[in-house]
Amino acid sequence: CTILIRSRSGVDLHLGRIYGLNTIGAAVGALVAGLVTVEQLGLRGSVLLANLLNIGVGLGAWFLYRRQARPAAAATAMSDEVLPSALPLALLGTLLVVSGFATLGYEIAWFRAIRYLVGNSTYALTTVLVVFLVGLGFGALLYQPVIRRLRPEWALALCQLAIAAFALAAIAIEHQLLNDPALRDRMSIFSPIFRVQPWEWRLARTSGMAAAILLPATLMMGLSFPLASRLFLGRVRAVGRRAGGAYFLANLGSISGSIAAALVLLPRLGTVGTIQHLAALNQLLGRLLLAFLPRARVSLAVAVPSAGLIMAAGLTLLPVRLSFDGENFVRRKLPALLFEEEGDLATVQVRADPITSEYRAMTIDGAVIAVGRGVNPLLYEKQQLLGALPLTLDPVS
């Protein structure tokens, strides 16, 4: 940062670009690894290639420094301009941690949510990760045009409220796709109509669908980080120390968010509940920022009730959970739900006939894996074979 940013105008020009271009590079790396190098080079070869690229970047940076090194006196010629902020430093530090927590929490939850449509293959996970990173990167590139028109404090508050609204809208869109038979047949990897299409067509269709669902929220997440970092700097001369501190706080929150989402939130709240709670967290941050801004009375009177209505709609109108393809068929045959748990790896259900309770079936992610007496037609031939295989191999038992 200190090489590019030496004045207030440099902060406005380069801060978003540094984070944005770095994140877009990460998206390109994820795309190449997921679609090319893992298949062509294997995991070990892909890791070795990444290490070689890191070494090359390090040597290139050292070479450029040696060629363009300036005298020590010139190197210290950095502006001491103040970067004023209406927000307390402690609040900004807290926001960096909490927004980082929410961002990686969303990523983990969306990995689970998008599986309902694109499955659990390497290509599907690559698609979601690339779309997520592209949104973060291009969102950061919006930083310069945004601060030309809005104060960074206002832009940051509106970003947090927008993240909450777009995250809830993403779940609503996916719920509609899963429950509309015509849309599901065209968009779900589990649809027989979809599976017979060429691989390239399916990849393009799932990528476009993931982008439509995830990009609005991730663009706002990507914009939030340089806005918060800019306010956290305080003055230009502190850019090296404060920018590093902002990255540290955001990454601390991101690590905590990924761990909490995978081990605590998803098992206890499910996919929809996790996203609802993270959206509530973003909305709380947005309201808190607005409350600290001067002359915000009129805006608060409009923004806070509007945000509250969006959150109320998200909590009451969204489904309790998303449904896997094939689950509706099982539900029609066996409407009584005896057990359900969405764990860190899969969603398990046990369903039964309300009249004849011994007619039962167990599903994992919507696929029937076991049935009781009277419901054999629900069981896939593969599961029937696996059930008979032990007795076939060892008739004595």
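The values are calculated or read from the model by the stated rules, or taken from the named source; none is laboratory data. What you are looking at is a predicted structure, and each value in this text was computed from that prediction instead of being measured. Glycine also receives a Cβ, built like all others from the backbone with ideal geometry; neighbour counts cover every protein chain displayed. Protein only, heavy atoms only, side chains kept; ligands, DNA and RNA dropped before computing areas. Shrake-Rupley method; radii C 1.70, N 1.55, O 1.52, S 1.80 Å.
Here G119 clears all of (1) open to solvent by less than 60 Å² (accessible area, probe 1.4 Å); (2) at pLDDT 80 or above except the condition numbered (2). Within region 159-193, the set of residues being under 20 Å from Y19 (Cβ atoms) and at pLDDT below 90 is empty. Residues in region 173-198 that are touching a residue at least 40 places away in the same chain (Cβ under 8 Å) and over 16 Å from the mean Cα position of the chain (by Cα): H175, L177, L178, N179, R184, M187, S188, I189, F190, S191. Of everything listed in (1) under 17 Å from E342 (Cα atoms); (2) open to solvent by less than 30 Å² (accessible area, probe 1.4 Å), the single unmet condition for V264 is (2).
Of all the criteria given as (1) open to solvent by 40 Å² or more (accessible area, probe 1.4 Å); (2) at pLDDT 80 or above, the one not satisfied by D80 is (2).
Summed over region 189-206, residues that are open to solvent by 40 Å² or more (accessible area, probe 1.4 Å) and in a helix (DSSP H, G or I) total 9. Quick check on this structure: which one of L203, L156, L183, L125 is of a type in the set (A, V, I, L, M, F, W, C) and touching a Gly at 6+ places or on another chain (Cβ under 8 Å)? One residue alone meets the criteria, L125. Residues in region 339-356 that are more than 26 Å from the chain's Cα centre (by Cα), surrounded by fewer than 17 Cβ atoms within 10 Å (Cβ to Cβ) and in a loop (DSSP other than H, G, I, E, B): P354, I355, T356. For the structure I just gave you, tell me whether L168 is touching a Lys or Arg at 6+ places or on another chain (Cβ under 7 Å) and touching a residue at least 24 places away in the same chain (Cβ under 8 Å). So L168 does not fit the description; no. Determine, yes or no, whether E107 is of a type in the set (D, E, K, R), open to solvent by less than 40 Å² (accessible area, probe 1.4 Å) and more than 29 Å from E200 (Cβ to Cβ). No: the conditions fail for E107. L215 meets each of the listed conditions (1) modelled with pLDDT of 90 or more; (2) under 22 Å from T94 (Cβ atoms); (3) in contact with a Phe, Trp or Tyr (Cβ under 9 Å, 6 or more places away or on another chain); (4) among the aliphatic types (A, V, I, L, M) apart from (2). Looking at region 79-188, the helices (runs of 4 or more DSSP H) lying wholly inside it that each contain 2 or more residues that are small (G, A, S) and closer than 22 Å to G253 by Cβ sit at 89-118, 122-141, 152-179.
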